[in-house]
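Some notes on the structure that comes next.
The values are calculated or read from the model by the stated rules, or taken from the named source; none is laboratory data. Since the model is a prediction, treat every value here as computed from it, not as a measurement. Cβ placement follows ideal geometry from the backbone for every residue including glycine, while neighbour counts extend to all protein chains displayed. Note: accessible area is taken over every heavy atom of the protein model, side chains too, but ligands, DNA and RNA are not part of it. Shrake-Rupley method; radii C 1.70, N 1.55, O 1.52, S 1.80 Å.
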Amino acid sequence: MKKKIVILPGDGIGKEVTTEGKKVLDAIAARFNHEFIYDYAVIGHDAIESTGNPLPDETLARLKNCDAILFGAVGHPKYDNDPTAKVRPEQGLLKMRKELGLYANLRPIKLFDELLEASSIKPEILKGSDILFFRELTGDVYFGEKGRKDDGKTGYDLMIYQRYEVERIAHKAFIAARTRKKKVTSVDKANVLESSRLWRETVQEIGKLYPDVQLEHQFVDAAAMKLIQNPRSFDVVVTGNLFGDILTDEASQIAGSMGMLASASVGDQVGLYEPIHGSAHDITGKGIANPLASILSAALLLDISFGMKAESEAVIAAVAATLKEGYRTADIADANTPANKRLNTQAMGDQVVSHLKK
Ligand code: IPM
Ligand code: MN
């Protein structure tokens, strides 16, 4: 198959990890006789520096003209410590999600057995955990009306959901649950928030269309606790944008490290694939970032956007084999990892690729 992929490295370690993700896509193309054509575009701080705009029109045009997007990360510490900055790297990411209609963010939390010891959670609690998050991505407090009033002394962000937004993500969650353990946990704060009551009401109604799938509701505070207490009790989780953002960072500990978690953002058009970790400026340029989240994002891209199941599974198997051989980047290494198994970003990518050449 011939496919066009846009690589959006973005900021910080985004460049380092997408280089490895692309390397793996190249290895897949060679092994399975595909032709992947790449295009590059700028976003985030990188784009602000060169164009003044975190999502230039030029980038958007390229994104609308491809078969899939491999994205790195956006962000810069300069803005984190300057809440008054009007133009911010993250605006590029949010606008891109909205413009491309990427309303469903799939975040699979699956622990490779080899990494049982890498998490701060006890192995016996973790073993066998396999959760698929559906985080709503283009609504909620992220996109509600926001502003300042009273001479700037009051700030507000409106938490808002419309029925159709909840319906479409709920459908996706139920459909996915049918291919898994047939359980959906919907997470909200319906004991307090009106937007959550609309969320719950809508999910309950959609749930009636999937009588073979068990539906339960949890409040977000309780869900945050149960994720750590008993991660195996979850199968598919569907939740709003803000709750999903927070819960999936928490859930990354179930997979050992943030550096392991991939995500897919899909909607009506092109799909976007990215690690859940951020730009990590503290380690940028040191070559020590874990590229596996980007590599596993490439695996999701192959499966979801290109329908290449075997290719996707080959990537996951290559990652598993690399971990089984004991290779670790710093974030997943422990005191028992010998020096010759400690790899930098590039060497980890090479190791995964070596399994794809076999
Ligand atoms: C994520 C990130 C983004 C978000 C930031 C960078 C705007 O944390 O993708 O989870 O909050 O959605
Ligand atoms: Mn986040």
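Given the protein chains as shown and a 1.4 Å probe, how many square angstrom of Asp57 are accessible, to the nearest 10?
110
Using Cα pairs under 8 angstrom and six or more residues apart, how large is the relative contact order of the chain, in percent?
Normalised by residue count, the contact order of the chain is 22 percent.
Under 17 Å from a point 7 Å along the Cα-to-Cβ line of Lys208: which residues of segment 140-181 have their amide N that close?
163-164, 167-168, 170-171
Find the accessible area per residue for the chain; the probe is 1.4 Å, ligands and nucleic acids are left out, and the unit is Å².
43
Give me the distance between the Cα centres of segment 280-358 and segment 223-248, rounded to whole Å.
Using only Cα atoms to place each centre, the spacing works out to 25 Å.
What is the Cα coordinate range of segment 125-264 on the first, second and third principal axes, sorted by size from largest, in whole angstrom?
53, 36, 27
Among DSSP beta bridges whose residues both lie in segment 130-253, state the antiparallel percentage, nearest 5.
20
Kindly report, to the nearest 10 Å², the accessible surface of Asp80 as traced by a 1.4 Å probe over protein heavy atoms only.
Around 100 Å² of this residue is reachable by solvent.
For segment 130-253, how many pairs of lysine residues have a Cα-Cα distance under 29 Å, where the two are 8 or more positions apart or belong to different chains?
For segment 130-253, the number of qualifying lysine pairs is 20.
What base-10 log of the normalised intensity I(q)/I(0) is obtained for the chain from the Debye formula, alpha carbons as equal point scatterers, at q = 0.12, 0.13, 0.16 Å⁻¹?
For the chain at q = 0.12, 0.13, 0.16 Å⁻¹, log10 I(q)/I(0) is -0.90, -1.07, -1.55.
May I ask you to derive the relative contact order of segment 130-253, considering only C-alpha pairs under 8 Å and at least 6 residues apart, and to give it as an integer percent?
38
By DSSP, what percent of the beta bridges with both residues in the chain are antiparallel, rounded to the nearest 5?
40
If each of Thr179 and Tyr40 carries a label point 7 Å out from its Cα toward its Cβ, how far apart are those two points in nm?
About 3.3 nm separates the two model spin labels.
At 1.4 Å probe size, with the rest of the protein present, what percent of the exposed accessible area of the chain is carbon and sulfur atoms?
In the chain, the share of accessible area belonging to carbon and sulfur is 52 percent.
Can you return the aspartates and glutamates within cross-link range of Lys309? Criterion is Cα-Cα under 18 Å, with same-chain partners fewer than 8 residues away left out.
Within the straight-line cut-off, Lys309 pairs with Asp26, Glu35, Asp67.
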